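In what follows, a structure is listed as structure tokens, so that the remarks can point back to it.
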Amino acid sequence: MENKSHAFWAGLFTVALLVAIAVAAFLFNVDRSVRIPYDLIARTNVTGLYTDAAVRYRGLDVGKVQTIKFDRSHPGQIVIRIVVDKNAPITRSTFGSLGFQGVTGIAFIQLDDTGHDPAPLPSTVKDVAQLPMHPGLLDQLQERGDVLLRELEKVAGDVDAMLSDDMRNQLLATAASLQHAADGVTTLSQQMGPTVSKLPGTLTQLDSTLASTNQLITSLNRSDGPLNKVGTAAQQAGIALSSMDSTLQDLSARVSYETLPRVNSLSQDVRSAARSVDRAADAFSNNPRSVLFGTAPSAPGPGEPGFSWPASRVPAAAQ
């Protein structure tokens, strides 16, 4: 009878301990955070995504996937119901995409924001707000797979053409030319050895020549140097030229305003005297008697007393 009582109490203690452990596990595992539902509208593949998958906002855990189902009103469209912590900054420009954890292939929802509209996006259980689902990295790779394959084929063709026999022969010839050029450079460096050895002495002579030149320039630039003397002589010559220029200007003015008018007057008198001599010579040539008897009076003209018309030129009215 005593053994049965001990077994009863032992069983009761075990049951109570199990119940306490279950209650503690439930209390510790219950999520007491307030979460807001949102619907992600996906038109791409959601491979690897399951319910209770993590929802992360730029890498931080903010919720989980609640349900995944087809949208009956839009065939081919998938509605992913997620519950997100109320403190998560969900705005009208927030979007979701599919991410993968390492190499396991397990997918999760990655939320991000474009920043175009920072206004908060309200959502309730009765009126669940919708967020767009953008294609993930794998979806983008699948969409561009054909283009990438064509580019790879082109690159492979270019590599194949580069590794052809003709190109290989050209590369070998180029390598041989480079080797020949390198040998020529080596020979040239060996031939230039004696010349290079003479460079220190040449540089020393050049330094002494430069020092002598500098000394010569310094002596020429002194106040009593030949350059300054030449400059003084040139200055004096300039003064003399200026004086000569002024003298020539005065002489030119005198010639212009005094001599030339007198020469012009003299030339006019000479021309007048020459005309008088010409007239006297003409009169003497035509009538030598005019020297003794003077010039005959000129015949009266028309309208003057004693004028008569010549017989051959009598006007018709007079006849």
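Going by the structure shown, is ALA119 modelled with pLDDT of 85 or more, small (Gly, Ala, Ser), surrounded by fewer than 11 Cβ atoms within 10 Å (Cβ to Cβ) and in contact with a Lys or Arg (Cβ under 9 Å, 6 or more places away or on another chain)?
Yes.
Checked against the criterion of being exposed (fewer than 10 other Cβ atoms within 10 Å of the Cβ) and at pLDDT below 85, the candidates GLN142, GLN190 yield just one match: GLN190. Select from region 66-89 the residues that are at pLDDT 90 or above and among the hydrophobic types (A, V, I, L, M, F, W, C) and write down the one among them that is farthest from ALA54 (Cα to Cα). The qualifying residue farthest from ALA54 (Cα to Cα) is PHE70.
Residue count for region 285-299 satisfying the condition of being surrounded by 10 or more Cβ atoms within 10 Å (Cβ to Cβ), part of a helix (DSSP H, G or I) and at pLDDT 65 or above: 0. If you go through region 83-118 and pick out every residue that is over 15 Å from MET133 (Cβ atoms) and either touching a Cys at 6+ places or on another chain (Cβ under 9 Å) or not in a strand (DSSP E or B) (or both), you end up with 15.
The set of residues in region 62-72 that are surrounded by 12 or more Cβ atoms within 10 Å (Cβ to Cβ) and part of a strand (DSSP E or B) comprises VAL62, GLY63, LYS64, VAL65, GLN66, THR67, ILE68.
The values are calculated or read from the model by the stated rules, or taken from the named source; none is laboratory data. Quick caveat, the model's predicted, so the values are computed rather than measured. Glycine also receives a Cβ, built like all others from the backbone with ideal geometry; neighbour counts cover every protein chain displayed.
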